[in-house]
Structures are given as C-alpha cells and as structure tokens.
Amino acid sequence: MIQFIKNRSLAFKMVLFICAAVLCIFMVIFLYSYNHAKNIITRNLETNAALIAQKTVGNVRNLLSSIEKIPINLSEQLSERQYSDSELLPLLHSMMRRNPEIFGIAVAYDPYMYSRGEYYHSPYVYRQGGSILSSYLGSEEYDYPLMDWFQISRELDTTYWTEPYFDENGGGVFMTTFSAPFYRTINGKKVFCGVVTADVSLEGLIAAISRIKVYETGYCFVVSRTGTIAAHPLREAIMNESMFSLAEEKNYPDMRKLGHLMQSGTSGKSTFEYRNLKTGKLSWFYYASVKGNGWTAGVLYPVEELMGDVTRLSRFVLLLAIAGALLLVVIISYIAQSITRPIRSLAQASKQIAGGDFNHEVRLLRRKDEVGDLNHSFIRMQHKLKSYIEDLKKTTAEMQKIESELQIAHDIQMSIIPKLFPPFPERTDLDLFGTLIPVKEVGGDLYDFFFIDETRLVLAIGDVSGKGVPASLFMAVTRTLLRARFTRNAKASDIVRIVNDDLCKENTQKMFVTFFLAILNVATGELEYCNAGHNPPYIIGANGIRELEAFHGYPLGIQADKPYKSARERMRKGETIVLFTDGITEAENKQFEFFEEEKLLKVLAEHAEDTAQQLTKAILDGVNAFTMMHQQSDDITLLVMKYLGDGRGETAKSAVFKYSILVKQNIDELIKLQGELDSLFTAWHITQETVNDYQLVFEELMTNIIYYAFNDEAEHFIVIRINYEDGVIITRIEDDGVEFNPLNAEDPGIPTSIRGVKPGGLGIFLCKKILDTIEYRRTDGKNILTFTKANI
Amino acid sequence: MIRSVFFLGSILVLWCALMQAQKTPDEITCFIADKQRVQFAGMIIAQEKGIYEKYGLRVRFVAGDRSRASAMLFAGKTDFTVLLLPTAVSLRAGGKKIVNIAQLINGSTFLYLARKSSGIQQPQDIAGRKAGVLWGDLQIMSDAFFARYAFAPRPVRQGSSVNLFHLKGIDAYFARRHDEYHTLINCGIEKDELRVFRFADAGLGFPEDGLYCTESFYEKNKELCAKFARATLEGWKEAIEKPEESVDCIVAHIRKSNNPSNIAHVRWALRYLKEAMTAGNAKHEWGMLKEQDYLAACLRLKQLGLIPSIPAYRELHKGTGF
C-alpha cells in the first residue's frame, strides 16, 4: 500500500493526504457533535421517559388502590364477625353498585369454615350484561381453594394481586383479582377463615397505556411480579409472554437481566437494544415499579425515532461533508494540477536533457511564484549545463587525446625497457627478471640489461627526479645515452661519466637521475659497478646478504665533467643481485610508514633460494602486504639477477683456443678487429685488465705493421693467429711486407707523456714491458711476430 | 294410564334410538386435564392438522381437573382419558376395569423442586416443610416420592399454578421437567437457584402418560380405539419430530382456548417431551408399553405399599398391534 502511494503522482498524493486529513478532522467534529447531540437527547429522553413511566405507574396504582380498599374493608368486617349470606349478599351487591370498576366480588371461605358440613362456600356477586348477579363458587371442577387468589393469600397470609388471566365468562376480558384474607379467633387463636376478592378488568389499564404515545412506535406496558405481561398494546402478548420467555425466544440475555431488575421493585433504564414486539425496531427500556403489588411499568423508546432528528441532521451533515470532500478533491486536483503541470513539464524536459537532448525547448513560464522560480532556474541550468557539457566534451576530447598520448608514451616507455623474460633463454648461467610499475602512466624509473659481448652483461637501474612525462623523457634519454655510449671495452665508470656529461648538457629543468650501472662478466662472475647516488643493491649469497655500498658520485645530470670511479665485486654461483629503486623502500602504508630496507632484507633472506622472478614477486607481495593497497606514491622498479655461472678457472685455463683472421692493411680494419677481439676475450674469460693491456700492445704492433711493412699500394693481407692456452694468450702475426723487426727499435725510456712518443720506439718499448714474451723472425719472405700475454 | 305410560315409554325408547342413530359412531371424546397445555401436544397436532379427521374421527376434548381424569372416565363423561401408568395400575389393582390403548410417555419427567436458599439439600430435608402435593389420580406420585424417602412433609395441595412456589408459599414443588420447571424459569427463577430431585434418580422413573379407556368401551370399540390410538400417536410423532412446524400451531391452539402459551415454552416442552417419549427405547415403538417397564413400575409401587397387587400386563396394556 505504501509502495502504491509512493508510486503515485504528486497530484494524487496531495489530493489523498489533504482530503484524508480534512476528512479526519471532519469526522472528529462530526462524531463529537453527534455524540453531544445524542447525549443531550438521551438526557431529555430519560427525563421524559421517567415521567411517562411514573405516569403509567400512577395509573396502575390508582386503579389498583381504588380496588384494594374494598376487599380489605370487607375482610376486616368479616374478621370481626361471621355474616350470613342473607346479610352478605346485599352488602356485596351494594359494593358492586358503588364501584363500577369492579367486575365481581367474592367471599370465599376455607373449606368447612363457613359450616362444618360445607366444603366450599363462596358467595359471588358479579356483573353480566349490565346486571349484577349472584352465585356460589366451588365445585369439583372449580376447586377454588387451589386458586392462586385463595391459596397464596392463605399460605402467605397477605393480600395478593393475581397474575392476569382471561375471563371467558365475564365478557372475554383480561382480568386480575385482588384477594384479602380474613380471620377468626377460635379458642384464642387467629385462624384463617377465607378471602375476600375483587375482580377488576385490565382492559381500562390496557386502553390507558395504549393511548400513551411514545414517539411513533414506542409504547408503554405493564408486567406482573412474575414478569408476565399484564398490559400491552399488543393484546396477544398479554398473559402469554413474560420478559423471560421473550428473552429466551429472541435470545436476548440482557432482557432477562432487565426482567430481574423489573422484579426487584426498582426504577431505571436499560440501554440494551431490543427489537420491540410491534415494529421489530431497536428500542430502549425505561421502567418503574408499582408500589404494592410488585408490578412494573415499562416504557419502550424506539431508538431510531429518538435519534431521528440527530440521525437526519447527521445524514445531512454527512452528505454535506461528502459533497464538500468531492468539491475539495476537485479544487485540490485543480491546484495540484496547476502546480504539478509545469513540474511534470520540467520533469519531462529533465528526461529529455538527461537523454542528451540539451536543445529540448523548455517553455518559459510568466509567473513569479516558486514554480516560476523553478522554471527559470531550470532554464538557466539547462543553458549552463549545455555550455558545461560542450566544454566538457572539448576537455574530454583533449583528455582522451592526452590519455591516448600518455598510453602511447607508456607503451613506448615500456617498449624501451626489456620486458621479455627470460631474456636469454639459451643461457644457463644467469636467471634475470625485472619489473617497472610506474605510479602514473609513464614513470621516471628505468632498468636495462644487455650483453655488450658474449660474456659481459650490463645491468643498469635508475630513478629520475620527479614523475610523469618529464621524468619519463629524462629516463628515456638516459637509457638511450646508456645504450649509445656503450662500447665494447668501456668500463662502468666511464659510461657513467659520459652519460652524466651528456645529460648535463641543456638540462635546463635541472633534472637528475640516480643511476647504478654494473657490468658482469658472466664467465668469471666479476662485477664492475658504478653507483651514482642510487640505492645500494644487495647481493644474496651463501654467507648472507651484502650491500654494494660503494658510492661513486652524484646522481647524473647535476654536474658535468665529474669523474666517476667504479668498484668490483665477484659474484659466485647461486648468488643473486637485487637492484631496486626507492619506490620499494619508500613504499607507504596508510599510516605513512615506509617499507624500508629492513623489511626488504627480511624478504630477501626468506626467499634467498628463489628464482629471479619468484624473488621479484615476493618483494612486490611484501610491499603490497605492507601498504595494504594504499595508493602507490612512487615508481617501483626491480631488477633481479641470479648468477648461475661457474666463474673462471675451471674452464678458461684448461682450454685451448685458436683464432685466425685475414685483414686488409688499413686502419679501419684494425678498429673492427679490435672490437671482435673484445668479444673473443670476453668469451675466453680474459680479464678486462689483461684485455686492456693486450689491446694496447696489439694496436701498437698492428699499427707499425700497417704503416711500415708495406711500401706499395697493393692490397696485402695480415694473418693473425691467437691461441689461448693455459691462461696465456699466444699471438702470431704474419705479413708479406718488407722485412721489419719491431724489436730492433730503440728503448726510449719512460716518457712523461704518451703523446710525444714516436711510433715504433716507445710503442715497442711498452710492448716489451707489457708482454710476457715477444720475438721476430723472417721466414719465406714473411715477417712473423710472436708474443705472449698471460691472463691476470 | 298404563297405555299412556307405555306410549310415553315407547316414545322415549324411540327417541333414544333416534338419538343413538343420529350419533356418528366415530365421534369420540377425550379428557385432557386442567387446561389445554403442551402436555397434550400430540393430540393438539392431530386435531389441528386433520390427522383425526384423516382417520375418520371427530374428537372433542373435554377439559377438567387433572386429578379427576379417571373419575370423568368412569362417569362416562369422556370416552378416553390420559392417565399416568402408576395411576392406571393402582386403579386396575383396585378393580377398576381400564385398559391402556397406547403408552405415550415412556420416560419419567417428574421432579421435586426446592430453592437452594431454603436450605434443602436432599429430599429428606423436605420433611416437616411445606411441600406441594398432588391428589386424586396424581396423588400416587407424591405418595411414592415421600414413601421412597420415608418422610412426611407439611402437605399443601398444589394447583396448576407455579405462583405459590414462586412467591415462596411452599418449600418444595412438584413439577414436570418439560412444563412447570420451565414455567418457573420463565417467571425469572434461575436454574442455579433451584435444587432438582428427579423421580428417576429416586428409582421412581415410571412410564407416565398413556391413553386409556374403560375395558367395556374397548371391547365394544376396538377398531375405534385403534384408530384413535394411531391417530394420536401420529400427532405426537409429527409434534416431536417436526417441532418448529408444530410450535406455532400448538401455541395458537392453546391461546385459542384462552390459556397462556408462548413459543419459548412450547419449544422447551417439545424438546424434553421427545426425550421422555423415547427414553430407554432406542428403537422407539410408538405406543408400546414394554412389559419389563410395566412390571418394574408395578413392583416398585407394590414395594412402596401403593398398590395391593400387580395386574397382569395384558389385562392393562392392549399393545399397539390392534
């Protein structure tokens, strides 16, 4: 029901609630006035009823009392002496003549009291057809000592009014008989002698009460002491019905109670509703007792008629109320419609606008009330909304464009970071995994790794100051420079320095990047690293976790021409290096606490045996568990590499390698050759120091050969054979040039500057110093130079 | 003179013969006690609904003092009468030749009533106090009750009215459950004000009303007796089996005879009369006086010294098969 009302229109609710409220108020007023009027009428009625009842009681009393005195007087006389019939009968006749209301008078003796031989003796004088006649009562058929009028007076020693009876012989009327006992004193004892009776017709009483009008259908009635109806406008009820028989027949328990009240000799009112015998309509009773004979007069008031005026008025008022309510419904409906019509119109317009139709025309109302204000405001709102939506469209388009670009930037950034794992599936000597989770679409962190030759793996990680696009661009530049500036033989410190110098150029935004660069010789486990202001990485080893604590300078981009050094570390098989940015250690939870190194170390310790990917996941899980999904505040970058190589020694020194190459005698070829040698030596697990020394000697000797061994323009080939046996690099260079023994060059001593040394002299000197052995011979028109260099 | 006497005698005989010839053989009279009351509901229905007529009977009810029912019968003032079985047994045992042509009420309806407020707790408490007593044909019932409990009250002859008891003129009142008892209730006395001593509880639950005629009448008019018995029983059957259809008819009939009556009372009476008529007789055989009940009643009466001898069952009851 509530839901039903909720779903109705505003106009419906207004009509419903206002009408309901008005009707409630009206009903309260109506009920109050109705009850008030009813109470007033009831009070008046009670007064009136009491008067009528008392009047009826008076009538009955008058009738009865006028009769009673005659038998009483006669009984007193008979008590004084016995009258003979010749005396008594004239007396009775005289009484009858003087009292026309009396139907008959009898003097009934108790059996054998009049004379010893006479059972019945009862002279009786009565009226018949206008005459007064005499007879005697008493026979086997009419055994008067058993009659109530005789027996009750005798047994109760009192006067008695009989119950009403129908007298067939006396003219077919309802009668009652009054009896008064008389006594005689015999042997000093008062002995019951008989009764004197007077019969009286009830017809007069019946006629009298039938004349009393109680509204249209109400009436008076009289009941005897047994509750039997003695006088009633409905003749068939007289003598036949009693209050109790009617109560039983009509099933009115309250009526039986009323019968008892009427028998009790009191007066009062009974408000129970009873359908009267004449009309069957609801009625109320008022009753009053007749003193002396236990009879009671009752007045029956028809409720409908009593309340007729009130009921009519109430009906009229009710009709007025209904008409008023209908009128109210019409008026409220009209008002509600006039109020809600523009609101409905606005609601409709709202739907249209909500559906995207911002050009829907809303009619401007020429009214200045609240609805008018609402209409004006709505139209203003529509215009503002339209304008706003257009702006929003533009902004959204731009935002979408930016987002699209950012997405592209993100993709590009991600594309420049290696993210295909495992990156070197063919390799069994390392397990590498990395991840970068930018806090925005693009981030300022970076990591990178790549082999610069067969054995040397570069590991880099950096964190650009700031976030977002600028940082990402700076990151991209850094990464590009890293890759661009790397050369085969470059040391980590050199690369860092070069990249720093490059970044410092045109760095108007004063951005910088903390950077850690490491070059791992996977063959030897040797790790050279340079840390430019970055978080020190950890190496998880068999003996615990150690920190690569060395710092080698400021972050990149701050100061140009700043030298950077590097440090070395050896990784053993099974050790894992963990590179990370401060996004890990400075990850915040909701209490703004940092994850910090302590928790990171704990994770590393617990997952020391894990693969690189597992360890990465464990670290990220640890961070997530700590932050409880609190908003990420910085880019998170991790690069983890587990070293699985054997290290040098076991393989490099026991192997023998041979290398032969034919080169043209020009300097460009030499540079190319040197690059290949770097890769070769890396593969042979030659230390960088040895390689550096070797490359110096090799370049010197080859330069001499290229510049001095050929004095024509023809194309010549130089055959180079390099063997690596037992940790010693054995190199043999053959050329078909003019005979030239470089070993014959003068020893120049130690120069102060390499730039001032002539080719040949100082170079050969250095060669001899650096190399372990060197020898020259001329065989078959070829210069053969052989030198050795041990791998240190 | 003799001729004149003979002539006059002849005229008288001729007149008598003529009168006898004029009387319809099926015109009968039946005495019903006191006033027309619901006690005779079956006969009223048979009369009002033409059952007697259907059987070819014209029945005239003769009213009178209920204590004189047998006297009316023997006086020839009625062809039939209604008597209590104990009364009939007593009469038969006393040499009065009456016969039962139909037993109407097989159960017992008699009660003695006393007000609880009078202090009477048990029948013996009535001793020495004013008690309504019956006389004539009905006296045997009062005598049986007092003999059963072996006490003597202060007897007050009881009329047909309940008013003497209602006004506390007597302490104990002889009543029938279906009649006077309810009349008292209709005078405003509550049931719980009364202490009820049932005759049946005292071992005096005799069969009550039956239809009787003189044996000589019966012998001469068996067919007529049978028709009257059947018609009366049919009236009773109609009355108690269709009470709602009978109530108005009975009320109207009683009122027509200027006696008081009302629907509530007739309804009540029919309900309890039905109980009494079918008492102890699951397969109620209308009009049947069971020999066992008869002998039990006779034996009890004899034990109480109310009858000198027990008349033969077949002498009194002629059954219903005729």
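Just so you know, all these numbers are worked out from the coordinates, no wet-lab data involved. Bear in mind the structure is a predicted one, so any value in this text is a computation, not a measurement. Positions of Cβ are generated from backbone atoms using ideal geometry, with glycine treated the same way; all protein chains shown enter the neighbour counts.
Odds and ends about this structure:
- Dimensionless Rg/Rh of region A:276-337 - Kirkwood Rh, Rg from C-alpha atoms: 1.44
- By the compact-protein rule of thumb, 2.2 N^0.38 Å, the alpha-carbon radius of gyration of region A:404-446 corresponds to a ratio of 1.40.
- Eigen-decomposition of the gyration tensor built on the alpha-carbon atoms of the protein assembly as shown gives equivalent ellipsoid semi-axes of 153, 41, 27 angstrom, largest listed first.
- Based on DSSP H segments of at least four residues, each scored -39500 (n - 2.57), chain A has a per-residue ellipticity at 222 nm of -14500 deg cm²/dmol.
- Whole-angstrom gap from region A:285-326 to region A:405-430, using each part's C-alpha centre: 104 Å
- Each 10 Å bin from zero holds the following percent of Cα-Cα pairs in region B:54-111: 19, 50, 28, 4.
- Rounded, prolate or oblate (a/c below 1.5 giving rounded, otherwise prolate when a/b exceeds b/c) for region B:129-256 by Cα gyration tensor: oblate
- Rounded Å value of the spacing that divides the Cα centres of region B:93-154 and region A:498-522: 141 Å
- Computed over the Cα atoms of region A:660-740, pair by distinct pair, the Kirkwood hydrodynamic radius stands at 13.3 angstrom.
- Computed over the alpha carbons of region B:186-288, Rg followed by Dmax gives 16.9, 52 Å.
- Straight-line reach from B:K116: taking Cα to Cα under 18 Å and skipping same-chain neighbours fewer than 8 places apart, the aspartates and glutamates in range are B:D125, B:D171, B:E180, B:E190, B:D192, B:E193.
- Under 29 Å from the Cα of A:K789 - lysines, other chains or at least 8 residues apart: A:K491, A:K565, A:K573, A:K653, A:K658, A:K664, A:K672, A:K758, A:K768, A:K769
- Sparse-neighbourhood loop sites, GluC sites (Glu not before Pro) in region A:311-405 - DSSP loop, at most 15 other Cβ within 10 angstrom: A:E361
- Note on B:Y313 and A:E46: with the Förster distance fixed at 51 Å, the Cβ-Cβ geometry gives a FRET efficiency of about 0.15.
- In terms of overall dimensions, the C-alpha atoms belonging to region B:94-147 reach 44, 22, 14 Å along their principal axes, ordered largest to smallest.
- Size check on chain B: the Cα extents along the three principal axes, sorted descending, read 76, 45, 44 Å.
- Cα-based convex hull volume of region A:274-420 per residue, rounded to whole Å³: 355 Å³
- Over region B:206-250 - Rg/Rh using Cα atoms and the Kirkwood inverse-distance radius: 1.11
- Converting the Cα gyration tensor eigenvalues of region A:203-242 into ellipsoid dimensions via √(5λ) gives semi-axes, longest first, of 17, 10, 9 Å.
- Rounded to whole Å, sorted largest first: equivalent-ellipsoid semi-axes of region A:1-46, Cα gyration tensor: 38, 9, 4
- Counting only DSSP H runs of at least 4 residues, each contributing -39500 (n - 2.57), and dividing by the residue count of chain B, the helix-based mean residue ellipticity at 222 nm comes to -13000 deg cm²/dmol.
- Two-decimal Rg to Rh for region B:226-271 - Kirkwood Rh, Cα set: 1.03
- Per residue, the average separation of C-alpha pairs within less than 8 Å and at least 6 apart gives region B:189-285 a relative contact order of 17 percent.
- Relative counts (whole %) of C-alpha pair distances in region A:47-187, using bins that are 10 Å wide: 10, 39, 35, 11, 4, 1
- Cα-based convex hull, region A:182-335, per residue volume (Å³, whole number): 147 Å³
- Cβ-based net charge around A:S153, under 13 Å, with every Lys or Arg adding one and every Asp or Glu removing one: -4
- Beta bridges from DSSP with both residues in the protein assembly as shown: antiparallel share about 90 percent, rounded to the nearest 5.
- Length, then width, then depth: along the principal axes, the Cα atoms of region B:105-178 run 33, 27, 21 Å.
- Partners for A:K269 among aspartates and glutamates (Cα-Cα distance below 15 Å; same-chain residues under 8 apart left out): A:E46, A:D254
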